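Below is one structure, written out as structure tokens; the observations come after it.
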Ligand code: MN3
């Protein structure tokens, strides 16, 4: 944290700089806010039978959209927050005004987690190759051990949350679980891939059987997309 950034983003600074007319600049018909819902990068049925199209559509078009709308609502009177990139906003939650911090945490986290989630699915499962496979073997004991530990963490997450494979700039991988919409991005970390264990992610397909969902989910992981994220993580360009 540099003194300049603290000056700009301290609570008093945010209040002084807030522009109540910020949304007047939005184009007619555009999403009314700085954050936007990314399109699903594939047809909603591509993850069937493991995740059905109805689940994908509801999850993206309703749940994710709601996080984006609520995040825009939370920052609308705080122009400096709306000017920040999402990963930066999440890494600097402590500087967000008390009045909107919980909303930014929950909905900003939800926006980031789901934006990542769509990217890493739509594939055929299997395994990565090359440097990423070497990292899985080195840091997580291999694919089978990684999946088993990841699934255990997802299953033991009480209530709603996420389980992640994290990645450091050095390429080192780790596992992490978080409650609600929290994410390692909130500690300045980076996520390679992650799975959503909120019931809305699986209930239409798998009912209450979270273990079945966790096992099935690996069949839709797009390892080419994950490998591209790994390259970006090591280059320092992976943000969300
Ligand atoms: Mn979800």
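The values are calculated or read from the model by the stated rules, or taken from the named source; none is laboratory data. Bear in mind that the values here come from a model prediction, so they are computed numbers and not experimental data. A quick note on method: Cβ atoms are made from the backbone with ideal geometry, for glycine too, and the neighbour counts reach across all protein chains shown.
Quick notes on this one:
- Sole exception among (1) under 23 Å from residue 220 (Cα atoms); (2) surrounded by fewer than 19 Cβ atoms within 10 Å (Cβ to Cβ) for residue 136, by number: (2)
- Number of residues in the stretch 90-109 that are closer than 10 Å to residue 186 by Cβ and either touching a helix residue (DSSP H, G or I) at 6+ places or on another chain (Cβ under 7 Å) or crowded, with 19+ Cβ neighbours inside 10 Å (or both): the value is 7.
- Lone qualifier among 195, 205, 180 - being in contact with a helix residue (DSSP H, G or I) (Cβ under 7 Å, 6 or more places away or on another chain), within 15 Å of the ligand (Cβ to nearest atom), over 17 Å from residue 64 (Cα atoms) and touching a residue at least 40 places away in the same chain (Cβ under 8 Å): 205
- When residues in the stretch 49-83 are screened for being under 16 Å from residue 213 (Cα atoms) and in contact with a helix residue (DSSP H, G or I) (Cβ under 9 Å, 6 or more places away or on another chain), 8 of them pass.
- Some residue of the stretch 75-84 being modelled with pLDDT of 95 or more and exposed (fewer than 15 other Cβ atoms within 10 Å of the Cβ): no
- Test set (1) touching a helix residue (DSSP H, G or I) at 6+ places or on another chain (Cβ under 6 Å); (2) more than 24 Å from residue 126 (Cα to Cα); (3) within 15 Å of the ligand (Cβ to nearest atom) - residue 188 fails condition number: (3)
- Options 92, 152, 138, 105: the member that is touching a residue at least 60 places away in the same chain (Cβ under 8 Å) and either away from the ligand (no atom under 16 Å from the Cβ) or under 19 Å from residue 214 (Cβ atoms) (or both): 92
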